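Right, one structure below, let's go through it.
Coordinate-derived values only; no laboratory data. Keep in mind the model is a prediction, meaning the values are calculated, not measured. Note that each Cβ is placed from the backbone with ideal geometry, even for glycine, and that neighbours are counted across all protein chains shown.
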Amino acid sequence: MTAMTYAAGLPDPIHQPEFYEGVVSRRALAWIVDILIITGFTFLAGLLTLTLAFFLWPVAFVAIGAVYRIGTLASGSATWGMRLMGIELRDHRGERFDRVQSVLHVFGYYLSISFLLPALASIGAMLATERRQGLTDLVLGTAAINRPG
């Protein structure tokens, strides 16, 4: 894989297509892994709160998911599912996410999956754009890429 030049921003999909090959399918698999991890944490929270989190499952699931996603994106620019699949998110400069970018990306993600049309539009955008960007990525100028190395 070609080394990524950070000064130039995100890798060019024409000259460096290897950064975007298979990203959509890996991102989908990473999403499934992340949902399983969040479900496990939510179940654990149910046990630790003496079943309170079970009664508030949707709220607990969203809150735990937000903390998990923000924490993992801020610490390595990828959730554990993304790391397992060998992808990570980069900002418009080609740099890894910081805490603010992580919060914005997770907020955009939750907005886009809250309604059917934006969720479908986001998937469609990932399939149609050169950099395989979802709606949140397009708004923030970010992209998921195959991990350089």
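Structure notes:
- For the chain, the Kirkwood hydrodynamic radius from C-alpha pairs, put into Stokes-Einstein at 4 °C and a viscosity of 1.567 mPa s, yields a diffusion coefficient of 82 µm² per second.
- For the stretch 17-146, relative contact order (Cα pairs under 8 Å, six or more residues apart, normalised by length) works out to 29 percent.
- Using a Gaussian network model of the chain in which every pair of alpha carbons under 10 angstrom is joined by a spring, one finds that among Thr42, Thr136, Thr51 the greatest mean-square fluctuation is at Thr51.
- Cut-off 11 Å between beta-carbons: net charge of the residues surrounding Tyr109, Lys and Arg +1, Asp and Glu -1: -1
- When the Gaussian network model of the chain links Cα atoms closer than 10 Å, the mean-square fluctuations of Arg93, Arg26, Arg69 top out at Arg93.
- Using the rule -39500 (n - 2.57) for each DSSP H run of four or more residues, divided by the residues of the chain, the 222 nm mean residue ellipticity is -19000 deg cm²/dmol.
- Between Leu52 and Ser114, the distance separating the two model label sites (each 7 Å from Cα on the Cα→Cβ line) works out to 2.5 nm.
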